[in-house]
Amino acid sequence: MASPQKENGHIQIANELYEMILRSNFTLRELKVILTVMRFTYGFNRKEWELSVRFISKATGIKYQHISSSVTSLVEKNVIVISESNTHKQGRILKLNKDYETWNLNRSQSGYSSQNSDGSVPKRVTVRVPKTVTKKDNKDKLNTYSVEDFEKFWKIFPNGELGSKGSRKNAKREFLKLNPEKINLEKLFIAVNKQSEYKSMMKSEGKFFESFPHIERWLKNERWTDDIPQQQNLELRSP
């Protein structure tokens, strides 16, 4: 008979943040990623930790490719943040962004938190959602990426043992040349995630792997189209 005890480990999280997660319209896979990040950060009384897509896949029992796209989605929504505080590690350092007012959710969500532990009146919480750009607003923005998009891409691109980002200025110039209608941001994120996971696996097994080129070259040579060797083997190892 199972008999879990708080003394054997527990997760501490502010009720206000927990309730905001409950009210938000996350997919089941996104929610499982969030819970995994909470488990291995707050569950060990720390704010961030190295969590690869393969690790989260094993922890949740969800296939690698599905976890990869869910992590990408949560990073784009600014719910999960990739930290650059420890770039020498193989995996990425992830943490939950507890400032929920900066989450970029698909639609506005608001409500009242339950009564606070000190009996004070609950405060109203609101998520600010960026204005959607339409053709009437600005036609040019439909065919160009923003500097904000570049910053998201810059954060997730490996820098350390797997390769080097190179010049931020050159990377930004090359990124802003891309047409979102021809190559969307999610596809770029997924390509970087898959290539990073493959290179990390090869490194851990002591095998040769090609390091990431600078972002400028990676984009200019359309490296998001690269086929990953042994990709089928990689997926078979995932739950």
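The values are calculated or read from the model by the stated rules, or taken from the named source; none is laboratory data. The model shown is predicted, which means the values in this text are computed figures rather than measured ones. Virtual Cβ from ideal backbone geometry, glycine too; neighbours counted across all protein chains shown.
Filtered by the rule that a residue be among the hydroxyl-bearing types (Ser, Thr, Tyr), over 19 Å from Thr72 (Cα atoms) and assigned to a helix (DSSP H, G or I), the stretch 1-45 gives Tyr18, Tyr42.
Within the stretch 151-162, residues that are buried (at least 19 other Cβ atoms within 10 Å of the Cβ) reach partners that are hydroxyl-bearing (Ser, Thr, Tyr) with beta carbons closer than 8 Å, at six or more positions or on different chains, in the pairs Pro158/Ser196; Leu162/Ser196; Leu162/Ser200; Leu162/Ser211. Only residues that are surrounded by fewer than 12 Cβ atoms within 10 Å (Cβ to Cβ), of a type outside the set (Phe, Trp, Tyr) and either outside any helix (DSSP H, G or I) or within 21 Å of the chain's Cα centre (by Cα) (or both) were counted in the stretch 193-209, giving 3. Considering only the stretch 142-152, I want to know if a residue exists there that is in contact with a Phe, Trp or Tyr (Cβ under 6 Å, 6 or more places away or on another chain), part of a helix (DSSP H, G or I) and at pLDDT 90 or above. Yes, because at least one residue in the stretch 142-152 is in contact with a Phe, Trp or Tyr (Cβ under 6 Å, 6 or more places away or on another chain), part of a helix (DSSP H, G or I) and at pLDDT 90 or above. Consider the stretch 146-182. How many of its residues are under 19 Å from the mean Cα position of the chain (by Cα) and under 19 Å from Lys77 (Cα atoms)? Total satisfying the criteria: 12. The residues of the stretch 210-221 that are in contact (Cβ under 8 Å) with a residue 12 or more places away in the chain and either on the phi > 0 side of the Ramachandran plot or surrounded by fewer than 17 Cβ atoms within 10 Å (Cβ to Cβ) (or both), listed by number, are Ser211, Pro213, Arg217, Lys220. Hey, does the stretch 183-202 have a residue that's farther than 21 Å from Ser68 by Cα, touching a residue at least 40 places away in the same chain (Cβ under 8 Å) and of a type in the set (S, T, N, Q)? No, because not a single residue in the stretch 183-202 is farther than 21 Å from Ser68 by Cα, touching a residue at least 40 places away in the same chain (Cβ under 8 Å) and of a type in the set (S, T, N, Q).
Taken together, the residues in the stretch 1-42 that are touching a strand residue (DSSP E or B) at 6+ places or on another chain (Cβ under 6 Å) and surrounded by fewer than 11 Cβ atoms within 10 Å (Cβ to Cβ) amount to 0.
Filtering the stretch 61-80 to residues that are in contact with a Leu (Cβ under 8 Å, 6 or more places away or on another chain) and either without any contact (Cβ under 8 Å) to a residue 60 or more places away in the chain or surrounded by fewer than 19 Cβ atoms within 10 Å (Cβ to Cβ) (or both) leaves Glu76, Lys77, Val79, Ile80.
Figure legend. Inter-residue proximity from the stretch 1-18: first residues assigned by TED's automatic domain parsing to the domain that holds Ile34, second residues among the basic types (Lys, Arg) and surrounded by 10 or more Cβ atoms within 10 Å (Cβ to Cβ), beta-carbon distance below 6 Å, spacing 6+ or different chains. Indicated pairs: Leu17/Lys98. Against the conditions (1) at pLDDT below 90; (2) surrounded by 19 or more Cβ atoms within 10 Å (Cβ to Cβ), Ser83 satisfies every one except (2).
Among the residues examined, Gly111 qualifies as of a type outside the set (Asp, Glu) and modelled with pLDDT under 55. Within the bounds of the stretch 129-140, is there any residue that is modelled with pLDDT of 90 or more and surrounded by 13 or more Cβ atoms within 10 Å (Cβ to Cβ)? No, there is no match, as no residue in the stretch 129-140 is modelled with pLDDT of 90 or more and surrounded by 13 or more Cβ atoms within 10 Å (Cβ to Cβ).
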